[in-house]
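Participant: To start, I am sharing the structure in question, which I have written as structure tokens.
The values are calculated or read from the model by the stated rules, or taken from the named source; none is laboratory data. Everything numeric in this text was worked out from a predicted model, so none of it was measured. In this analysis, Cβ positions are derived from the backbone assuming ideal geometry, glycine residues included, and neighbour counts consider all displayed protein chains.
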Amino acid sequence: MSTAINVICLDRPGMLRDIAGAVAKRGGNIVYTQQFVVERGMNRGKASVYMEIDCPEDDILGVVEELTSFDSIFDVSIHEPFEKIYGSRVIIIGGGAQVAQVAVGAVSEADRHNLRGERISVDTIPLVGEDAIADAVSAVCRLPRASILVLAGALMGGRITKEVKRLQAEGIPVIALKMAGSVPLQADLVVTDPIQAGTFAVMHVASTAVFDISRVRGREF
């Protein structure tokens, strides 16, 4: 089981290396990390380094103790990992009106499953243009905990279809609204009603549901 820590440290070259070295010294394995500057300064800016670490609970306390001994670290806190807090992610990309309707179905269905103890979150981004949407589709496989993609629009094809194929090869299924273009031909599932598309997406992700997109792959509803 992973445990998360958040480190507030000096923004300087080699800081991430030093933190990772301290984690490795205590036998921890870093499974996810993100970092960003929280306070800029000419000589003493601050950065936040978030890490999810696989190691026994007793060892994480040793990691914290090791890190707090560094002069360049100001604070270390322990948290639940994002998997427990936000869970699996449903990603919705496309035109604003269609994205909004898919989100209605996804959020309503996610609420039903989250009340049973699951954690399913819904991420949306309305975009216009083939390149913008294709770039967003390409980035989905780099998003942590992304489990399924819904493409919501009136016309999608070309480079978007190529990125959908690559995403599917990474193991992430794609639901498309019924639309013009080649994307529906490549999608795992095509759904006419945007609210139902959002519902299907969450049902596929939820462990408390019986829907499996692989059993209806290639079909249209």
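Participant: Mind listing whichever residues of region 1-31 are outside any strand (DSSP E or B), in contact (Cβ under 8 Å) with a residue 40 or more places away in the chain and crowded, with 17+ Cβ neighbours inside 10 Å?
Facilitator: Of everything in region 1-31, those that are outside any strand (DSSP E or B), in contact (Cβ under 8 Å) with a residue 40 or more places away in the chain and crowded, with 17+ Cβ neighbours inside 10 Å turn out to be Met15, Ile19, Ala22, Val23, Arg26.
Participant: I'm told Ala139 meets every condition in (1) in a helix (DSSP H, G or I); (2) in contact (Cβ under 8 Å) with a residue 12 or more places away in the chain except one. Can you identify the failing condition by its number?
Facilitator: Unmet condition: (2).
Participant: Can you find a residue that is surrounded by 20 or more Cβ atoms within 10 Å (Cβ to Cβ), at pLDDT below 95 and not in a helix (DSSP H, G or I) anywhere in region 159-181?
Facilitator: Within region 159-181, not a single residue is surrounded by 20 or more Cβ atoms within 10 Å (Cβ to Cβ), at pLDDT below 95 and not in a helix (DSSP H, G or I).
Participant: Hey, does region 34-54 have a residue that's at pLDDT 90 or above and on the phi > 0 side of the Ramachandran plot?
Facilitator: no
Participant: Here is a check on your reading of the model: is Leu67 in contact with a helix residue (DSSP H, G or I) (Cβ under 9 Å, 6 or more places away or on another chain) and either at pLDDT below 95 or closer than 18 Å to Ala209 by Cβ (or both)?
Facilitator: Against the criterion (in contact with a helix residue (DSSP H, G or I) (Cβ under 9 Å, 6 or more places away or on another chain) and either at pLDDT below 95 or closer than 18 Å to Ala209 by Cβ (or both)), Leu67 qualifies.
Participant: Taking the condition modelled with pLDDT under 95, over 19 Å from Gly87 (Cβ atoms), surrounded by fewer than 23 Cβ atoms within 10 Å (Cβ to Cβ) and in contact with a helix residue (DSSP H, G or I) (Cβ under 8 Å, 6 or more places away or on another chain), does Ala134 pass?
Facilitator: Against the criterion (modelled with pLDDT under 95, over 19 Å from Gly87 (Cβ atoms), surrounded by fewer than 23 Cβ atoms within 10 Å (Cβ to Cβ) and in contact with a helix residue (DSSP H, G or I) (Cβ under 8 Å, 6 or more places away or on another chain)), Ala134 does not qualify.
Participant: So which residues in region 57-73 are more than 11 Å from Gly27 (Cβ to Cβ), within 29 Å of the chain's Cα centre (by Cα) and part of a helix (DSSP H, G or I)?
Facilitator: Glu57, Leu61, Val64, Leu67, listed by residue number.
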